[in-house]
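Chemist: One structure coming up, written as structure tokens, with questions to follow.
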Amino acid sequence: MSVAPNEHTALQLDFLRMMMTSREGDRREGILLRQSKGWFQVSGMGHETIGAFALHMNEDDWIYPYYRDRGLMLARGLTNYDLALAYFAKRESSSGGRQMPGHYSSHEHNVVSVCTPTGGGLIPAAGTAWGIQLDGKDNVVVATVGDAAMRQGEFFEAWAFAVQENLPLIVVVEDNKYGISTPTDKFMPLNMDGIVARDRVRKIDARHFGNVYREGGEIIAATRRGEGPFLIWADLDRLSSHTSSDDHRVYREQADIDEMMKRDPIVLLRDELISAGALTMEAFDQMQEEIVAQVDADYLKAEKQPDPIAEEYMKYAWGEDRPAQRPPIESGPQTMVESIGRTFEQALSDDPDVIFFGEDIEDPKGGVFGITKGLTDKFPKQVFNSPLAEATIVGVAVGLATYGKKPVFEIQFVDFVTPAWNQLMTNVSTLRWRTFGKQKCNMVLYAPYGAYLPGGSLWHSQSNEGGIAHIPGIKIAIPSTPEDAAGLFWSAVHSDDPCFVLVPKHIFRKRADVQNIEAVPFGKAKVVREGSDVTIVTWGNTLELAHEVAGNLASEASIEIIDLRSIVPCDYETIATSLEKTGRLVVIQEDVRTCGFGQSVIAEVTSRTEIFNTLLAAPQLVTREDVHIGYNPIYEYAALPDIERVTDAVRATLN
């Protein structure tokens, strides 16, 4: 982007005004905080020139900012009043009062909500850039991050994926030399030889607007031409304390602070314009007075706006409730693996925005269990192998979903989900809620799970649904039949929420004669055996135990079996209805006892007076104790629920 000399002067003056507005907003918030009008403030002082990138971006480009990017937000088109609403955590703010100040977002401007865990937006940014590339568009994604966050593993995963796919991604590292109070010079990867390939790194003295504007424009243009990704090393200063909870005078010498203030980008641009005869000190002072008055008016107006409504605390915890549809499978003998494969094929055929991504899922292997076998041959532009990096898998899903695609991504075993835990906790579960419904990442994650298959050991036998269920905002399903697997996946693909489907390995190749194919919504349990004396509630692999015990004890008790099918949301009403008949409850789970979902079921039953009053005996939980599963099958079967333990639990309720 080139401009004539007089136009460039006008551009400089406009940008100077923007930086001054940003700075005055920071100053105003500091005053308000000292007046106890607010709870927290994070400053962008010294980082304002990063806003120059926005001057080269179009409305269809995307920004994943971080919390010092006040100047970038103003340059992108957000107003100072928008930021004032966010400071006061008002209901009309971009987060509805749910995010801290500096955690910017704007659906209208393609600014994706900031998450506090540093670097947490980088893999999603790569996912959005991949979506742009898949669509053949020339848009770019700019993701900003502090220098200390470069040591996060997710930085390297995001960068590796961007380089691997040649994505239209620009990562701007705003190097202010500090991670709170810790100098970052010895930790910063860009200060170490060989950590990041230098041919994609562009270092900019970002204290000068002209540098950022000129070089930033060249880099954005090159990225649009398909020459990205690029990493911009923006050398600048943090002219303030880390946040309002910090005082940098504790760990910085005053002489260092004084010297740093001479490098203030506002002062540098002001003096440059004065030297060029384009500005006088009097005009600058007049501009400052106007900005102070406007910022003051914005904050006075924002302060008077309505606060959040307490009764809305659950609003946007979940998305639109969409009716379930009959899955696209036919009746007849089949396994879960087969019914899931047919469902996936139809989903890919129906919608080109459905994207599959996972380790080894391309043909000829089609995943380690063959779930996606044949799909790449039919849909080569929609089914892709991922690197061996679970945080990349889930983070890319976030970015693709935010962009507008429909990710259906595989974690090879649920045991391996832990590297992606940050993305599950930070983005998957919170994005809709923290943006007051303005942004979302509706996606499907699925993974084989569970034990009862000798040789899995610690790393291929987990059934840790309780841990995932602990994260608000993620629907969780665990099918136990081919028709339920198809139905739950079909509902998940069409859901407005992030869904995690766990496929039980022990039974997913068990052939069943499927006859009654119905829509299967999340949150609707199924009574799979009628009874009148004892209710067994279970899901997944342990359905087999429930059926065997019910048959063995048929002469002693009439046992009703409920397959939950989904645990989030959980169908407590079906459980309550059953207990009105039986008065006795046994819950079977593979997961560990402490904080397993079975404990949640029993806690819910016993805490609801209307259900508790129907009980004739103490509920029983049959579970794996708080222990890992060993490689030798002796260890595995010693730890897992078995026929004897379930039988004892049923008899305990009868006695």
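Chemist: Would you check if there is a residue in the stretch 278-288 being within 28 Å of Arg27 (Cα to Cα), of a type in the set (D, E, K, R), out of contact with any Cys (no Cβ under 6 Å at 6 or more places or on another chain) and not assigned by TED's automatic domain parsing to the domain that holds Leu375?
Modeler: yes
Chemist: Being in a helix (DSSP H, G or I), modelled with pLDDT of 95 or more, of a type in the set (A, V, I, L, M, F, W, C) and under 15 Å from Val528 (Cβ atoms) narrows it down to one of Val601, Val605, Val549, so name that one.
Modeler: Result of the check over Val601, Val605, Val549: Val549.
Chemist: With the condition kept exactly as written, say whether any residue in the stretch 253-273 is part of a loop (DSSP other than H, G, I, E, B) and touching a Ser or Thr at 6+ places or on another chain (Cβ under 8 Å).
Modeler: No, the stretch 253-273 has no match at all.
Chemist: Could you figure out which of (1) surrounded by fewer than 24 Cβ atoms within 10 Å (Cβ to Cβ); (2) on the phi < 0 side of the Ramachandran plot; (3) in contact with a Lys or Arg (Cβ under 7 Å, 6 or more places away or on another chain) isn't true of Arg200?
Modeler: Condition (3) is where Arg200 drops out.
Chemist: Now for a different question. Just give me the residues in the stretch 623-638 being over 30 Å from Ser555 (Cβ atoms) and free of Cβ contacts under 8 Å to residues at least 40 places away in the same chain, in sequence order.
Modeler: Glu625, Asp626, Val627, Asn632, Ile634, Tyr635
Chemist: More than 30 Å from Ser491 (Cα to Cα), touching a residue at least 12 places away in the same chain (Cβ under 8 Å) and not acidic (Asp, Glu): is that true of Thr574 in this structure?
Modeler: no
Chemist: Could we say that Ala149 is under 24 Å from Arg70 (Cβ atoms), part of a helix (DSSP H, G or I) and small (Gly, Ala, Ser) here?
Modeler: For Ala149, the condition - under 24 Å from Arg70 (Cβ atoms), part of a helix (DSSP H, G or I) and small (Gly, Ala, Ser) - is met.
Chemist: Looking at Thr144, is it closer than 27 Å to Ala302 by Cβ, among the β-branched types (Val, Ile, Thr) and part of a strand (DSSP E or B)?
Modeler: yes
Chemist: Would you be able to say whether some residue in the stretch 181-202 is outside any helix (DSSP H, G or I), touching a residue at least 40 places away in the same chain (Cβ under 8 Å), within 17 Å of Ile50 (Cα to Cα) and in the same structural domain as Ala143 (by TED's automatic domain parsing)?
Modeler: no
Chemist: Something else now. Give the stretch 207-232 a look and list any residue that's at pLDDT 95 or above, closer than 14 Å to Val171 by Cβ and touching a helix residue (DSSP H, G or I) at 6+ places or on another chain (Cβ under 8 Å), or say none.
Modeler: Gly216, Ile220, Pro229, Phe230, Leu231, Ile232
Chemist: Tell me, which helices (runs of 4 or more DSSP H) lie completely within the stretch 294-413 with 2 or more residues that are of a type in the set (Val, Ile, Thr) and surrounded by 15 or more Cβ atoms within 10 Å (Cβ to Cβ)?
Modeler: 336-350, 390-403
Chemist: Tell me, which residue of the stretch 157-183 that is more than 21 Å from Gly216 (Cα to Cα) and crowded, with 19+ Cβ neighbours inside 10 Å is farthest from the chain's Cα centre (by Cα)?
Modeler: Top of the filtered list is Tyr178.
Chemist: Something else: Which residue, of Ala129, Ala89, is closer than 23 Å to Leu231 by Cβ and of a type in the set (A, V, I, L, M, F, W, C)?
Modeler: Ala129
Chemist: Right, next: If I filter the stretch 382-402 for residues that are over 29 Å from Asn110 (Cα atoms), of a type outside the set (Asp, Glu), over 14 Å from the mean Cα position of the chain (by Cα) and modelled with pLDDT of 95 or more, do I get at least one hit?
Modeler: Within the stretch 382-402, one or more residues are over 29 Å from Asn110 (Cα atoms), of a type outside the set (Asp, Glu), over 14 Å from the mean Cα position of the chain (by Cα) and modelled with pLDDT of 95 or more.
Chemist: Still on this structure, I have one more. On the basis of being modelled with pLDDT under 95 and under 15 Å from Asp237 (Cβ atoms), does Pro183 make the cut?
Modeler: yes
Chemist: Listed residues Leu502, Leu453; which is of a type in the set (A, V, I, L, M) and surrounded by fewer than 24 Cβ atoms within 10 Å (Cβ to Cβ)?
Modeler: Among Leu502, Leu453, only Leu453 is of a type in the set (A, V, I, L, M) and surrounded by fewer than 24 Cβ atoms within 10 Å (Cβ to Cβ).
Chemist: Now for a different question. Enumerate the pairs (first residue in the stretch 381-407 and without any contact (Cβ under 8 Å) to a residue 60 or more places away in the chain; second residue anywhere and surrounded by fewer than 20 Cβ atoms within 10 Å (Cβ to Cβ)) with beta-carbon separation below 6 Å, excluding pairs fewer than 6 apart on the same chain, so at least 6 apart or on different chains.
Modeler: Glu390/Phe416; Glu390/Pro419
Chemist: Right, something else. How many residues are in a helix (DSSP H, G or I) and either among the hydrophobic types (A, V, I, L, M, F, W, C) or touching a Phe, Trp or Tyr at 6+ places or on another chain (Cβ under 8 Å) (or both) if we restrict to the stretch 418-463?
Modeler: Matching residues across the stretch 418-463 total 8.
Chemist: From the list Thr623, Thr614, which residue is of a type in the set (S, T, N, Q), surrounded by 15 or more Cβ atoms within 10 Å (Cβ to Cβ) and in contact with a strand residue (DSSP E or B) (Cβ under 7 Å, 6 or more places away or on another chain)?
Modeler: Thr623
Chemist: For the stretch 527-567, name all the residues that are within 12 Å of Ile478 (Cβ to Cβ) and not β-branched (Val, Ile, Thr).
Modeler: Result: Trp539, Gly540, Asn541, Leu543, Asp563, Leu564, Arg565, Ser566.
Chemist: When you check Gly217 against the structure, is it touching a Pro at 6+ places or on another chain (Cβ under 7 Å) and within 21 Å of Ile50 (Cβ to Cβ), yes or no?
Modeler: Considered against the rule, which asks whether it is touching a Pro at 6+ places or on another chain (Cβ under 7 Å) and within 21 Å of Ile50 (Cβ to Cβ), Gly217 comes out as no.
The values are calculated or read from the model by the stated rules, or taken from the named source; none is laboratory data. Note that the structure is predicted; figures quoted are calculated from it, not measured. Counting neighbours? That spans all protein chains shown, and the Cβs are built from the backbone with ideal geometry, glycine included.
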